[in-house]
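Heads up: the structure comes next, in structure tokens.
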């Protein structure tokens, strides 16, 4: 080991100086003072909710404090990053103790209950070994009848957090599994690695989102567990030549939208934030009945001419709303040999009986393409897709399936409005992320007519 003097230990590591607010600087460096300020400010804005347990909070604060010394020793970023993965299990343990408030119950195969007093997580771990899944026991989830396999370790804690609803997002299931594998590789290393300040900051942000979500606090603008986002009222205009205009609806009433080339238009709620994470790249594929946009959108009015749209806006005065971007519910129809694109359950309830035929799947997913691709693969008998329940290989969960009558009878498909939206779409082609409705080749081709009307193309 090389022994450094105190003066040498105080020297700034040149590698840290090359990570600037504008990116990696190969031909420029920050000054030592600027580098120290920049790297601390990067993680200073990452915080935990007030409800988070003190033990988890202390562990997270230690990570942020030690991170500041990466300016002097570049390897510290890797140490902080790796230790952050270990804090995941501590957070789950602390949340388990908070959630169960002094006791937890294990249920045997024959229904016998064993309630154990718990004060520290060591009590939980001992009980989990005594009442293990191998011996036929499952942990009761909350106060209800539901149970989950629980071994007291990280995998069991992750499954418990999912079963209790503390964690959200279908795609996050796979990310949580990946974080668990990364944590295990840190706890049981087989090689060395070196990470950047950017890697470390991203891990700390993800860890903070994970911890806050465990305590019921989603992150505004978050990457993994975002809080509900504001959706604007938008004006969409088009003509037969394929020209399309998209603008906030209040621009129409204020006379800020050029109307020369607009023949028809519609008013929708959607995400129109150019240059931000909440910019929907598929708004020009909007369909009044099918879910063609990447982010949740909603039909309000149309189609019609701009003067009618302006009059409707002045009379109705619709406002923005807030919607959750995760765990959306879609209804997908399989009729004879064709799979149709996802729809909102509330729209299905208002369809004409002729358009309700076939077998319907009620699917929970973060994006409509996830739901569509899963059902298509399921019907094509592709490996890894299950006809029911939660899946870890696919980011979806099939909530129910059956005919429209059966789903309505079980309390699904409640209409969300009093009238069915008129059928129109802005483009006849469909988004690149969503393949065309596909025949399953299990039955003859149906000869039904399409209920869509072409309004514009682009």
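Read-outs: derived from the displayed coordinates by stated rules, not from any lab. Note that the coordinates shown come from a computational prediction; the quantities given were computed from them, not determined experimentally. Cβ: placed from backbone, ideal geometry, glycine included. Neighbour counts: every protein chain shown.
Among 375, 76, 88, the order by Cβ neighbours within 10 angstrom, fewest to most, reads 76, 88, 375. What distance in nm separates the simple spin-label points at residue 147 and residue 320, each placed 7 Å from Cα in the Cβ direction? The modelled label-to-label distance comes out at 4.8 nm. The spacing between the stretch 134-179 and the stretch 77-128, judged by their C-alpha centroids, is 11 Å. Over all Cα atoms in the stretch 229-323, the spread is summed up by Rg and Dmax: 12.4, 34 Å. Counting 0.36 nm for each residue step from residue 37 to residue 198 and taking away their Cα separation leaves a gain of 56.5 nm. Modelled spin labels at residue 44 and residue 254, positioned 7 Å past Cα toward Cβ, are 3.5 nm from each other. For the stretch 1-126, the Cα-based Rg and Dmax, in that order, read 21.5, 70 Å. Taking every Cα-Cα distance in the stretch 328-409 and sorting them into 10 Å bins from zero, the calculated P(r) comes out as 19, 56, 23, 2 percent.
Compared with the dominant Cα axis of the chain, that is its longest principal axis, helix 368-379 is turned about 80°. Compared with the rule-of-thumb size 2.2 N^0.38 Å for a compact globular protein, the stretch 275-375 has a Cα radius of gyration ratio of 1.22. Relative to the longest principal axis of the Cα atoms of the chain, the long axis of helix 306-316 lies at roughly 60 degrees. For the stretch 336-378, the alpha carbon convex hull comes to 74 Å³ per residue, rounded to a whole number. Put in line by how crowded their Cβ is, counting other Cβ atoms within 10 Å and starting with the fewest, 301, 320, 238 read 320, 301, 238.
For Cα extents along the principal axes in Å, the value calculated from this model appears in (i) 74, 48, 35; (ii) 78, 67, 42; (iii) 67, 48, 47 under label (ii). The three principal axes of the Cα atoms in the stretch 88-199 give end-to-end lengths of 51, 28, 25 Å, sorted in falling order. By definition, a body whose alpha carbon gyration tensor gives a ≥ b ≥ c is oblate when a/c is 1.5 or more and a/b is not larger than b/c, and the stretch 142-187 fits this oblate description. Computed on the Cα trace of the stretch 205-258, the radius of gyration divided by the Kirkwood hydrodynamic radius gives Rg/Rh = 1.32.
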